[in-house]
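Right, one structure below, let's go through it.
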Amino acid sequence: NRLLDYHIGVLTSSYKDYSSGQKGGEGRLVGPPTVIDRKTVGGLQKLQENLEVGTRGSADEKFFSPVKAALSGSLLTGHNAGFYRDDAHLAVIFITDTDDHEEDNLTPSSYYQFLLDLKKGDKNKVLSYGVFIPSTDSTCNRSGEERPQRIEEYMRIASGISFGLCDLDYGQKLAELALDLVDK
């Protein structure tokens with residue numbers, strides 16, 4: 001029976017135009033604690049609290065920029081210190097009902113390359129998962145949100161694993177995602 005050595009951090013899709021009363025934003029990990037590991041007292045409860053970010057952040061949702069900011073520069077050594085480890089796998093999980101609204105030059109391809117560069121080109125160390133409403137799903141209510149074309153492109157490039165936000169077996173697939181993470 002092996003013990004997993006994990007660090008879990010939660011980001012929001014608010015990047016710019018961030019509402020100051022909300023959790024996270026601009027690449028800052030949500031918390032406290034901002035990093036949950038196997039030594040975190042009440043870790044499951046803390047993770048649940050961190051995941052409850054609400055819906056009052058920026059309407060201009062971004063997914064690539066917050067991750068890049070979280071893993072770069074002063075955030076990496078400041079607010080997000082202790083999260084990133086050079087030798088560990090890096091798993092990115094998108095959970096959303098919309099697409100990435102990136103306005104900078106961060107394409108799905110350049111975002112994936114950024115993650116690969118962090119892991120010295122080792123594709124096996126970059127794990128990508130997505131839970132969203134696939135472009136092909138016409139039955140799930142998008143509430144006026146865009147089809148996730150950029151996220152789908154990233155998932156193709158990264159050979160990621162994804163499933164639908166409205167899938168009837170959502171819970172089972174989420175459990176399988178967790179097992180895949182543990183396995184890798």
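The values are calculated or read from the model by the stated rules, or taken from the named source; none is laboratory data. On a predicted model such as this, the values are computed, not experimentally measured, just so you know. Note that we place each Cβ from the backbone using ideal geometry, even for glycine, and neighbour counts take in every protein chain shown. Surface accessibility is based on the protein's heavy atoms, side chains included, excluding ligands, DNA and RNA. Shrake-Rupley method; radii C 1.70, N 1.55, O 1.52, S 1.80 Å.
Quick notes on this one:
- Those residues of region 152-184 which are out of contact with any strand residue (DSSP E or B) (no Cβ under 6 Å at 6 or more places or on another chain), closer than 23 Å to Thr107 by Cβ and aliphatic (A, V, I, L, M), in sequence order: Ile157
- Residue among Asp86, Asp99 that is free of Cβ contacts under 8 Å to residues at least 60 places away in the same chain and touching a Pro at 6+ places or on another chain (Cβ under 9 Å): Asp99
- Considering the conditions (1) at pLDDT 95 or above; (2) open to solvent by less than 40 Å² (accessible area, probe 1.4 Å); (3) polar (S, T, N, Q), Gln113 is excluded by exactly one of them, (2).
- Selection of region 138-158 for residues being part of a helix (DSSP H, G or I), open to solvent by 30 Å² or more (accessible area, probe 1.4 Å) and of a type outside the set (A, V, I, L, M) yields Gln149, Arg150, Glu152, Glu153, Arg156.
- Every residue from region 133-155 that is under 20 Å from Leu90 (Cβ atoms) and either in contact with a helix residue (DSSP H, G or I) (Cβ under 6 Å, 6 or more places away or on another chain) or without any contact (Cβ under 8 Å) to a residue 24 or more places away in the chain (or both): Arg150, Glu153, Tyr154
- Candidate set from region 81-110 (those that are over 26 Å from Gly144 (Cα atoms) and of a type in the set (Ser, Thr, Tyr)); member that is most open to solvent (accessible area, probe 1.4 Å): Ser109
- Sole residue being within 27 Å of Leu4 (Cα to Cα), polar (S, T, N, Q) and either assigned to a helix (DSSP H, G or I) or within 16 Å of the chain's Cα centre (by Cα) (or both), chosen from Ser162, Ser110: Ser162
- The listed residue being farther than 19 Å from Arg85 by Cα, modelled with pLDDT of 90 or more and open to solvent by 50 Å² or more (accessible area, probe 1.4 Å), out of Ser135, Ser162: Ser162
- Checklist (1) surrounded by 14 or more Cβ atoms within 10 Å (Cβ to Cβ); (2) modelled with pLDDT of 90 or more applied to Pro32, failing item: (1)
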